[in-house]
1. Which of rounded, prolate or oblate describes the range 223-309 when judged by the alpha-carbon gyration tensor and an a/c cut-off of 1.5?
2. For the chain, which DSSP H helices look membrane-span-like by this rule: Cα extent along the axis of 20 Å or more and mean Kyte-Doolittle of at least 1.6?
3. Once the whole set of protein chains is in place, how much accessible area is left on Leu99, using a 1.4 Å probe, in Å² to the nearest 10?
4. Rounded, prolate or oblate: which one fits the range 198-254, using the alpha carbon gyration tensor with axes a ≥ b ≥ c (rounded when a/c is under 1.5, else prolate when a/b beats b/c, else oblate)?
5. Hey, can you rank 293-299, 16-22 by average C-beta count inside 10 Å, highest first?
6. For every other residue with a beta carbon closer than 15 angstrom to the beta carbon of Ile296, add +1 if it is Lys or Arg and -1 if Asp or Glu, then tell me the sum.
7. Starting at the first residue of the range 261-266, write each ³J(HN,Hα) from the Karplus equation 6.51 cos²θ - 1.76 cosθ + 1.60 with θ = phi - 60°, in whole Hz, x for Gly and Pro.
8. Taking square-rooted eigenvalues a ≥ b ≥ c of the alpha carbon gyration tensor, is the chain rounded, prolate or oblate, where a/c under 1.5 means rounded and, failing that, a/b exceeding b/c means prolate?
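The values are calculated or read from the model by the stated rules, or taken from the named source; none is laboratory data. The structure presented is a predicted model; accordingly, all values stated were derived computationally and were not measured. When we count neighbours, we look across all protein chains shown, and the Cβ atoms used for this are built from the backbone with ideal geometry, even at glycine. Ligands, DNA and RNA are stripped out before the accessible areas are found, and what is left, the full protein with its side chains, is counted by its heavy atoms. Shrake-Rupley method; radii C 1.70, N 1.55, O 1.52, S 1.80 Å.
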Amino acid sequence: MRLPSKRVWLAFFVHTLLISIAFFMSDIIPHHPPAGFVDQSLYPMSTTTEKLIKWDAHWYTYVAGHGYNAKSIVFFPLLTLFIKSLSYLGLHIAIAGLLICNLFTFLSFWIMDLTFRLDFSERQVSHALVAYAVMPTSLFLNSIYTEPLFITFSLLCVYFSRLEKWWYGGIAGAFAAVTRNLGIFLFLFLLYEFWKKYPKSGKSLLTAIPLFIPPIALSFYMLYNFYLLGDPISFVNSQQNWGRHFAPPWYNLWANLPLTFSNNPYSQPGIALDTFTVIIGLIGFFALTFLLQFKIPTSYLLIGWIWFLIPLSSTTSELPLYSMSRFILPIFPLYLFWGQLPSKIFYCYIFLSAFFLVLFTSLFINWYWIG
């Protein structure tokens, strides 16, 4: 693997600079009172640290410190295990979580660069990295959320499988599968890549063994679910505790539209961000799928559509597109859409996106709902 290129450092610097600007801007924005679950065991905590620990970040620190229960079982274990392990060195759990997630944030830029360079030009890769750096919800990369781990391990799985290093790809896919529930679908990606290359390789079918490491990894978490709660898929069934249920994607988008411009202080600006992010995501996927000027490997489209449509089918009555703007963040094929846009359109998008990243980060720090 090559060392991080200049464009990796530049994209990471741009992202970090925008987050830093938002830190200072947050002091001039009206503060909302804390909402949702708050992990009281984190306190006392420095003001600087507390700024980035909001919403679900409290659940990850709580699980790391106190273990699972019937409601928190929906939060997959890898991030909490990393936090717990680092806390044994004497670090505060919040500091441990922020260190891990910000380290993986840089790694995600590096692995994205390596992966995209397999198929795309230097210009397209640079544009894709910048689009990732200024994504309006990329603020979650710097909090205690699974996004930076998930996209890093997912891209490692993609990168190694493209190079036919199946064991490395399978292990990376396994880490992704115990980071987020959508990680298990990398098994389908691995199968597709393997069968595409298998007739030409002349190798034994035994070389397919590492493809099954991701489902094996998930099965261990299922065993833990059964041990703790008597239900091997409690992480699925417990979604009801969060008000989630299935509905067709088009229904959820349609239901969210009239709420987009509501003035509900408890759901804005997140609900509007969900609407616009999903619409932009749909435009991107339709362009990648049907327009010949946009090039992308078929396996990327496969995993991209799966990762897009499954959370789009999970809804609640109050938030029909519940956190979709955040769930779209790790869907790496979309950055290849932005990376292939004409320069004028690309730069207009980047400036707008950078502005909203600063704004939404400042609001997130003040307990506004983002995703």
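1. Details: a/c = 3.05, a/b = 1.24, b/c = 2.46.
Verdict is oblate for the range 223-309.
2. On the way: long enough: 6-25 (28 Å, 1.57); 93-116 (34 Å, 1.90); 147-162 (22 Å, 1.11); 186-201 (22 Å, 0.16); 213-229 (24 Å, 1.30); 270-290 (29 Å, 1.98); 298-312 (21 Å, 1.66); 343-365 (33 Å, 1.93).
Span-like helices, by this rule, are 93-116, 270-290, 298-312, 343-365.
3. 90
4. Values: a/c = 6.54, a/b = 1.55, b/c = 4.23.
It is oblate, given that a/c is not under 1.5 and a/b is not larger than b/c.
5. Numbers: 293-299: 14.1, 16-22: 17.3.
Taking the mean over residues of other Cβ atoms within 10 Å, the ranking is 16-22, 293-299.
6. Every neighbour counted, the sum reads +2.
7. Computed from phi, the couplings for the range 261-266 are 9, 6, 10, 5, x, 8 Hz.
8. rounded
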